[in-house]
Amino acid sequence: MSRIPHLAIVVGTLAGVIVLTVASAGVYLLAHGGTGTPPATRVAGTAAPPPPRPDLPLVTVPEPAAEATPRPTPATSTPAAGGGPRLTPPAVVAIAPRRVGEAHLRKLRSLRHVRGTLAVGGGAVRVAGVTLNLLAVPVAEFPAWTPLGVADRPEPWEALRRGELVAEAAAARRLGLVPGAHYEIEGGPRLRLAAAAAIGLPGIDGYVSEETGRRLGLTPGVVVLVSGPVTRAEELTGGVRRVLGAGTQVAPAGMAAAARTAAPRAARTPSRDDFTGRVGRPASYIELYRRAAALCPGLSWTVLAAIGQVESGHGRNNGPSSAGALGPMQFMPATWRAYGVDGDGDGRADIMNPYDAVPAAAHYLCATGAGEGGDRLAKAIWHYNHSWSYVSTVLSLANAYAAAYPD
């Protein structure tokens, strides 16, 4: 299978060559490994079964409560869902021509805006004539560098500890890799593909543990993940390249890449009078998110779905949050008074009613520039919840929804 990489670099490794391809970062999608007798090994060829999809209920939207009584609260909001691991999403990924030592990692951590670094192994292997770019990761540390929904699921990390392979979801779909199948590495061991996870690192096709990476001949410490704010991605890219020297390739990852693709269409920001908020009463959340996003030209429904997942698990946890936010989209009462809408036309704008809350979220995002995409989208999400980590998570999930539910 031919590839046309946007970025490429040869890494001296027994396993082969890493080809870093800049691609949109899809995250969160997790496919469980199969049980029973694994299917025959295959790469490409006949179509593989579609991977499982992100956490989006496709059943009836629960009927809202008859009354909702907003409670006076402070002026800031935190997600009601809460919990989960503390994440350090990478802003850029660097591939160096040689192993990156601790001295260089210290220099990277001293750069302005850098919040953390993680060096992992990497290299390329051949399976049935197809090249797979793999990372060899420390299983104890790497989950914190992956998106919400992957980090807090046990399946991929248990698989890596067992010495199995976890594929990048987009690569598994593109190449026809089947969870549960066994694949013979050319010149190496036979590995079981235990799961596919949308971690979203550019150009990476799969992940193994450090121990398995040694068995495959992957080179330790040639790939460095660097965490920092998305608004400083270009500055971080230049700084990382200067520290790691000539021959180093650096690409945006996670939120920095997702901000470019989550809502690509530019549009005029509607005024308050333009926004009707009417969506009716669709039977599923996916249709509700689609109808609400259509009210804001340029806003992808996937952004609303990502916010709905982070804030309440699509109506599973409607609060109040520790800050007093309410409803499936976790509005503060003061914000609701300004942006709440009557989405189903029943004569009330109810903060607890998903048919009102989801279009109200679209209204608020639209008013803060989300329909223009790019940095304006990222800033609009930041206005929704004042945390760049939150923005990163939402954009990552939005890309996963886009990959799982293509229009």
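The values are calculated or read from the model by the stated rules, or taken from the named source; none is laboratory data. These numbers come from a predicted model, not from an experiment. Every residue, glycine among them, receives a Cβ derived from its backbone with ideal geometry; neighbour counts consider all protein chains shown.
Out of the residues in the stretch 183-220 meeting the condition of being among the charged types (D, E, K, R) and in a helix (DSSP H, G or I), tell me which one is nearest to LEU395 (Cα to Cα).
GLU210
Given the criteria out of contact with any strand residue (DSSP E or B) (no Cβ under 8 Å at 6 or more places or on another chain), among the aliphatic types (A, V, I, L, M), touching a residue at least 40 places away in the same chain (Cβ under 8 Å) and buried (at least 24 other Cβ atoms within 10 Å of the Cβ), does LEU304 qualify?
Spelling it out, LEU304 is indeed out of contact with any strand residue (DSSP E or B) (no Cβ under 8 Å at 6 or more places or on another chain), among the aliphatic types (A, V, I, L, M), touching a residue at least 40 places away in the same chain (Cβ under 8 Å) and buried (at least 24 other Cβ atoms within 10 Å of the Cβ).
Step by step: first the residues of the stretch 109-133, then only those that are touching a Ser or Thr at 6+ places or on another chain (Cβ under 6 Å) and surrounded by fewer than 23 Cβ atoms within 10 Å (Cβ to Cβ), then the one that is farthest from LEU236 (Cα to Cα). Which residue is that?
ALA124
Residues checked against (1) at pLDDT below 85; (2) in a strand (DSSP E or B); (3) more than 18 Å from TYR364 (Cα to Cα); (4) not assigned by TED's automatic domain parsing to the domain that holds TYR355:
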site	(1), (2), (3), (4)
ARG232	yes, no, yes, yes
ARG241	no, no, yes, yes
PRO264	yes, no, yes, yes
ALA267	yes, no, no, yes
VAL279	yes, no, no, no
PRO282	yes, no, yes, no
ILE286	no, no, yes, no
ARG291	no, no, no, no
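If we keep just the residues of the stretch 277-290 that are among the charged types (D, E, K, R) and under 12 Å from ASP356 (Cα atoms), which is surrounded by the most Cβ atoms within 10 Å (Cβ to Cβ)?
ARG281
Is it true that some residue in the stretch 116-128 is out of contact with any strand residue (DSSP E or B) (no Cβ under 9 Å at 6 or more places or on another chain), assigned to a loop (DSSP other than H, G, I, E, B) and modelled with pLDDT under 90?
Scanning the stretch 116-128, I find no residue that is out of contact with any strand residue (DSSP E or B) (no Cβ under 9 Å at 6 or more places or on another chain), assigned to a loop (DSSP other than H, G, I, E, B) and modelled with pLDDT under 90, so the answer is no.
Is at least one residue of the stretch 167-182 of a type in the set (A, V, I, L, M, F, W, C), part of a loop (DSSP other than H, G, I, E, B) and at pLDDT below 85?
yes
Specify the residue that is surrounded by the fewest Cβ atoms within 10 Å (Cβ to Cβ); the eligible residues are those in the stretch 356-379 that are among the small types (Gly, Ala, Ser) and closer than 13 Å to GLY298 by Cα.
Among residues in the stretch 356-379 that are among the small types (Gly, Ala, Ser) and closer than 13 Å to GLY298 by Cα, the one surrounded by the fewest Cβ atoms within 10 Å (Cβ to Cβ) is GLY374.
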